[in-house]
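> Sending over a structure as structure tokens; questions will come in a sec.
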Amino acid sequence: MSLPWWSVVSPVVAVVVLGLSYGRSAGGVLLAVVAIALVAAVLAAVHHAEVVALRVGEPFGTLILAVAVTVIEVGLILMLMTSSKVGVETLARDTVFSAFMIVCNGVVGLCLLVGALRHHVVAFRVEGVSAALATLAAIATLALALPTFTTSAPGPTFTTAQLIFAGVAALTLYVVFVFVQTVRHRDYFLPLPTVASESEMDDIPEEHMAPPTGWAALVGLGLLLLSLVAVVGLAKSASPAIERAVNAAGAPQSVVGVCIALLVLLPETGAAVRAANRNRIQTSLNLAYGSALASIGLTIPAIAVASLWMHQPLALGLGAKDLVLLALTIVVSTLTVTPGRSTLMQGSVHLAICAAFGFLAFTP
């Protein structure tokens, strides 16, 4: 397996851009270059994490990919938290909640719609998808809903003890889920056998990558580390300009969290939609819910540790509007996965909820 040229060039170019922009005020042309390099570095990092994951196999491959995505997300959040002056206490909450909503409604809805439009009815294993959804709902509720109603600390915040408990609970649930998915009940997450005509399969390109060689995996690991350094550094360079752009547009600070979640989830979204187009909806849902679980289950503990270490304020509790969207998403998702089959109706409902989330993020 050879590495695509763009995945080799992007980290190098991103590091060069980081060196040129470090310590300088990013604006105009330089800001555009930094933004492009940042997006390219994120895409390259996720690609190289997938290469290394394919080489080491399960269950460690899943953990490597999840850790890489989490490092990107946490790095972006921390750089913005340390560089911005307003809205820093809610940035982690906004990013994690955005990831939850985008995955559970946007990515899942798009996959169900694409699959149903081509194959009419798509099927998946209830055991695996319901386990992923239950874990995701539990972590999201414990980390994002409970702080709004606890009384030991003022506002939508946890006390130190409560924050530690929420972080440990999120990490524990994520680790148990990975063990169940990759070891104990791996068959619950395997795609169902599908029946398709030869002409139908010929029209759809194969999405699987060949296992990489040891040399390719080693090079990929080096480029992954280089990409992660570039992502964190470029995020710090661009953060003041991002804050100015949000203020100039008159948009809420929560929009920054939405942008971070979209950037981090972009690579996995493409892979999930391609799998749905091949009538491998189980693979799509594994990718979607797995990304959301990594985003919440690993980001919450990491941000909790960073917040306590750096003495940064951290408000995790959602407001009334977002609590309604969270509850609606969990209820609709439960109704979607319970039958083990889906049509374009379910996909349309999820996309409508995602559209409502996006609209209300800009016009709360």
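Taken together, the values in this text are just the output of simple stated rules run on the coordinates, not laboratory data. Here the structure is a predicted model, which means the values were calculated and not measured. All Cβ positions, glycine included, derive from the backbone under ideal geometry; neighbour counts span all protein chains shown.
> Counting other C-beta atoms within 10 Å, which of 73, 127 has the fewest, and how do the rest follow?
Ascending Cβ contact count within 10 Å gives the list 127, 73.
> Check residue 316: other-chain or 5+ apart residues with amide H under 5 Å from its amide H, H built from backbone geometry?
Residues meeting the amide H criterion: 158.
> List the longest stretch of the chain that has no exposed loop site; here a site is one of the trypsin sites (Lys or Arg not before Pro) assigned by DSSP to anything other than H, G, I, E or B, with at most 14 other Cβ within 10 Å.
Working: sites that count: 24, 85.
The answer is 86-364.
> Select from 134, 252, 229 the residue farthest towards the positive end of the dipole of the range 5-362; place +1 on Cβ of Lys and Arg, -1 on Cβ of Asp and Glu, and compute about the Cα centre.
252
> Out of the chymotrypsin sites (Phe, Trp or Tyr not before Pro) in the range 122-167, which ones are loop residues according to DSSP with at most 12 other C-beta atoms within 10 Å? Mind showing how you got there, number by number?
Working: sites: 124, 149, 158, 165; in loops: 124, 149, 158.
Sparse-neighbourhood loop chymotrypsin sites (Phe, Trp or Tyr not before Pro): 149.
> Going by C-beta contacts inside 10 Å, put 289, 22, 174 in order with the fewest on the left. Walk me through the numbers before you get to the answer.
On the way: 289 27, 22 11, 174 23.
Going from least to most buried by this count: 22, 174, 289.
> In addition: Running a GNM on the chain with Cα contacts under 10 Å, which residue among 175, 256, 108 ends up with the highest mean-square fluctuation?
175
> Right, here's the next one. With springs only between Cα atoms under 10 Å apart, run a GNM on the chain and tell me which of 119, 311, 48 wobbles the most.
Maximum among the listed residues: 311.
> I've got another one for you. Which label marks the calculated value of mean projected area of the Cα convex hull in nm², given the options (i) 34.9; (ii) 16.9; (iii) 18.1?
Here the calculated entry is (iii).
> Using the Kyte-Doolittle scale, which helices in the chain average at least 1.0 and also have C-alpha atoms spread 30 Å or more along the helix axis, with helices defined as whole DSSP H runs?
Span-like helices here: 29-56, 60-83, 214-249, 254-277.
> Only four residue types carry charge here, +1 at the Cβ of Lys and Arg and -1 at the Cβ of Asp and Glu. Report the dipole size of the range 5-362 about the Cα centre in Debye, rounded to the nearest 20. Walk me through the numbers on the way to the answer.
Numbers: 15 positive and 16 negative charges, 106 e Å.
In total the dipole reaches around 520 debye.
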